[in-house]
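K.L.:
Starting off with a structure, shown below.
The values are calculated or read from the model by the stated rules, or taken from the named source; none is laboratory data. This is a predicted model, so every value here is computed, not measured. No Cβ is skipped: glycine too gets one built from the backbone with ideal geometry, and neighbour counts run over all protein chains shown.
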Amino acid sequence: MPPMSWRKVLFAVILLIGLAALIYQIPAVNNRLGWRIVAAEAYVRGVVNPAGELPPPAVVVTQREEPTSQPTPIPTEIFAGPTPTLAPSPTPLPASVQLASPEYEGQDWNNCGPAALSMYLNFYGWEGNQFDISGEIKPAREDRNVNPEELLFYTRNYAGWLNSTFRVGGNIEMLKGFVAAGIPVIVESVFIFDEPFWLDDDRWAAHYLLLTGYDDASQTFTVQDTFRGPDRTITYDQLNVDWQPFNRVFMLVYPPDQESTVQGILGQHWDEDYNRQAAFETAQAEIEADPENAYAWFNLGSNQVYFEQYAQAAQSYDQARTLGLPQRMLRYQFGPFFAYFHSLRTDELITVTSYALQITPNAEEALLWHGWGLFRQGNEASAIAHFQQAYNNNPLSPDAQYALDFMGASP
């Protein structure tokens, strides 16, 4: 081929690439193809550098770093089984309740939390959508996780005419109690992808559901599922299983005039310390019932982190890792990062954050804690680079800003 022809071909290729890049910027095209490109990147990354399973701890640490005292115990009758029930109510709950379903909103990719919260707020007449929410708490579509704390932040700052809170250690009767009182509930539960994103992907992920009804005859909840569709059903037993890996966290949004109702349903769980103590005891009871339950050990660690029992929490997480945890677990929950950092087990902090970044390279939480681990090891330049990357991934993150300020560095 003559030299001029080669130049024409090269020019045509460059022109086509530029045209494709421009077309990709069209929102409708980006919405359709963006997630496929991200999925392809994840698959290639998994082939080139397979993550495998979450590594077990390198060394078993005995309880010596801090006192063995536990959170203040609470009456054991509350924990007769793995799923404690509410104290008998003067008024029995109805056998079936179905609240009016909010207008359904299917999620954008990586956006189940904002979409579920959007439907929740719309239930009370709020006018907005998931993008109003995600724009304030996760500006990047590629951000794969929204914490309950972030959902709470949005509600309190941008829908402040409603009250909101979250608790852990929930149970089926408690959920039914809220629905019967006319209050939907958000829970975080397990989601299994239809297809793998990399070789040997366990397809396990987290997903928010909005509960809007229940029926004792069929033993099912009605849920608004931002991925699967509106008015889906899930059995009480299945929800309890899928809810356990997330310490049975639940979020409540309600009008101020229902505050006394919420307090009455929560009972002593209205007090956050009591609630955590209860969740701690539930995790212990579930471990006693099944010592091989990795999620119970993980929940135990998370509740110990709340009480700043960091060395003991690290040991609980050690046991959970030894038993085996899903590949994406550290995309959604960060208790191990706190525990290993504060118990001075920096090598384990580096291990778990390195693994988390293999699974989710843009996870701001893993980037931050990996940076703090590097700082502990004396590698300040690399620590700053990780803090900067975390900030660039989410400029709204106060933790990323704090880390940069601490180091005297700019984004």
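K.L.:
Which residue, of 191, 221, is assigned by TED's automatic domain parsing to the domain that holds residue 245, in contact with a His (Cβ under 6 Å, 6 or more places away or on another chain) and either part of a loop (DSSP other than H, G, I, E, B) or at pLDDT 95 or above (or both)? It would help to see each step written out before you state the result.
P.N.:
Numbers: 221 fails: in contact with a His (Cβ under 6 Å, 6 or more places away or on another chain).
Criteria check complete, one pass: 191.
K.L.:
Determine, yes or no, whether residue 273 is surrounded by fewer than 17 Cβ atoms within 10 Å (Cβ to Cβ), touching a Ser or Thr at 6+ places or on another chain (Cβ under 9 Å) and of a type in the set (Asp, Glu). Walk me through how you get there before you give the answer.
P.N.:
Working: surrounded by fewer than 17 Cβ atoms within 10 Å (Cβ to Cβ): yes; touching a Ser or Thr at 6+ places or on another chain (Cβ under 9 Å): yes; of a type in the set (Asp, Glu): yes.
Yes; evaluated as a whole, the condition is true for this residue.
K.L.:
If only one of 313, 320 is under 25 Å from residue 197 (Cα atoms), surrounded by 21 or more Cβ atoms within 10 Å (Cβ to Cβ) and of a type in the set (A, V, I, L, M, F, W, C), which one is it? Give the steps one after another, and end with the answer.
P.N.:
Values: 313 fails: under 25 Å from residue 197 (Cα atoms).
Of 313, 320, the one residue that is under 25 Å from residue 197 (Cα atoms), surrounded by 21 or more Cβ atoms within 10 Å (Cβ to Cβ) and of a type in the set (A, V, I, L, M, F, W, C) is 320.
K.L.:
Could you check the range 391-400 and list, in sequence order, the residues that are buried (at least 21 other Cβ atoms within 10 Å of the Cβ) and more than 19 Å from the chain's Cα centre (by Cα)?
P.N.:
Matches in the range 391-400: 391 only.
K.L.:
I'd like to check something: does the range 174-185 contain any residue that is assigned to a strand (DSSP E or B) and either crowded, with 22+ Cβ neighbours inside 10 Å or at pLDDT 95 or above (or both)? Working first, answer last.
P.N.:
Let us first name the residues in the range 174-185 that are assigned to a strand (DSSP E or B), namely 185.
With the extra rule that they be either crowded, with 22+ Cβ neighbours inside 10 Å or at pLDDT 95 or above (or both), the set shrinks to 185.
Looking through the range 174-185, at least one residue is assigned to a strand (DSSP E or B) and either crowded, with 22+ Cβ neighbours inside 10 Å or at pLDDT 95 or above (or both).
K.L.:
Now for a different question. So which pairs qualify, if the first residue must be in the range 378-399 and over 19 Å from residue 144 (Cα atoms), the second must be modelled with pLDDT of 95 or more, the Cβ gap must be under 6 Å, and the two must be at least 6 apart or on different chains?
P.N.:
So the pair list comes out as 382/374; 383/371; 383/374; 383/375; 384/407; 384/409.
K.L.:
Here's something else I'd like to know. Mind listing just one residue for me: the one in the range 217-247 that is touching a helix residue (DSSP H, G or I) at 6+ places or on another chain (Cβ under 7 Å), among the polar types (S, T, N, Q) and closer than 20 Å to residue 168 by Cβ and, of those, surrounded by the fewest Cβ atoms within 10 Å (Cβ to Cβ)?
P.N.:
Of everything passing the filter in the range 217-247, 240 is surrounded by the fewest Cβ atoms within 10 Å (Cβ to Cβ).
K.L.:
Would a scan of the range 199-206 turn up a residue that is within 30 Å of residue 95 (Cα to Cα) and either part of a helix (DSSP H, G or I) or in contact (Cβ under 8 Å) with a residue 12 or more places away in the chain (or both)? Give the steps one after another, and end with the answer.
P.N.:
Restricting attention to the range 199-206, the residues satisfying the condition of being within 30 Å of residue 95 (Cα to Cα) are 206.
From what's left, either part of a helix (DSSP H, G or I) or in contact (Cβ under 8 Å) with a residue 12 or more places away in the chain (or both): 206.
Checked against the condition, which is being within 30 Å of residue 95 (Cα to Cα) and either part of a helix (DSSP H, G or I) or in contact (Cβ under 8 Å) with a residue 12 or more places away in the chain (or both), the range 199-206 yields at least one hit.
K.L.:
Would you check which residues across the range 116-149 are of a type in the set (Ser, Thr, Tyr) and touching a strand residue (DSSP E or B) at 6+ places or on another chain (Cβ under 6 Å) and list them? Don't jump to the end; show me each part of the working.
P.N.:
Residues of the range 116-149 of a type in the set (Ser, Thr, Tyr): 118, 120, 124, 134.
The answer is 120, and nothing else.
K.L.:
Follow-up question, since we're still on this one. If we keep just the residues of the range 94-124 that are over 13 Å from residue 210 (Cβ atoms) and hydrophobic (A, V, I, L, M, F, W, C), which is surrounded by the most Cβ atoms within 10 Å (Cβ to Cβ)?
P.N.:
My answer is 97.
K.L.:
On to the next question. Could you say which residue among 211, 162 is in contact (Cβ under 8 Å) with a residue 40 or more places away in the chain and among the hydrophobic types (A, V, I, L, M, F, W, C)?
P.N.:
Working: 211 fails: in contact (Cβ under 8 Å) with a residue 40 or more places away in the chain.
The conditions single out 162.
K.L.:
Same structure, new question: Inside the range 125-144, can you point out the residues that are surrounded by 15 or more Cβ atoms within 10 Å (Cβ to Cβ) and more than 13 Å from residue 108 (Cα to Cα)?
P.N.:
Selection gives 126, 136, 137.
K.L.:
Taking residue 304 as the residue in question, decide whether it is polar (S, T, N, Q) and more than 27 Å from residue 321 (Cβ to Cβ).
P.N.:
On the way: polar (S, T, N, Q): yes; more than 27 Å from residue 321 (Cβ to Cβ): no.
No.
K.L.:
State the number of residues belonging to the range 248-265 that are over 14 Å from residue 162 (Cβ atoms) and assigned to a strand (DSSP E or B).
P.N.:
Total satisfying the criteria: 1.
K.L.:
Further question on the same structure: Among the residues of the range 299-309, are any of a type in the set (A, V, I, L, M, F, W, C), surrounded by fewer than 23 Cβ atoms within 10 Å (Cβ to Cβ), touching a residue at least 40 places away in the same chain (Cβ under 8 Å) and out of contact with any Phe, Trp or Tyr (no Cβ under 6 Å at 6 or more places or on another chain)?
P.N.:
Looking through the range 299-309, at least one residue is of a type in the set (A, V, I, L, M, F, W, C), surrounded by fewer than 23 Cβ atoms within 10 Å (Cβ to Cβ), touching a residue at least 40 places away in the same chain (Cβ under 8 Å) and out of contact with any Phe, Trp or Tyr (no Cβ under 6 Å at 6 or more places or on another chain).
K.L.:
Given the criteria closer than 29 Å to residue 97 by Cα, crowded, with 17+ Cβ neighbours inside 10 Å and out of contact with any helix residue (DSSP H, G or I) (no Cβ under 9 Å at 6 or more places or on another chain), does residue 152 qualify? Outline the logic, then answer.
P.N.:
On the way: closer than 29 Å to residue 97 by Cα: yes; crowded, with 17+ Cβ neighbours inside 10 Å: yes; out of contact with any helix residue (DSSP H, G or I) (no Cβ under 9 Å at 6 or more places or on another chain): yes.
The answer is yes for residue 152.
K.L.:
On the basis of being modelled with pLDDT under 95 and in the same structural domain as residue 243 (by TED's automatic domain parsing), does residue 140 make the cut? Break it down stepwise before answering.
P.N.:
Values: modelled with pLDDT under 95: yes; in the same structural domain as residue 243 (by TED's automatic domain parsing): yes.
Yes: the conditions hold for residue 140.
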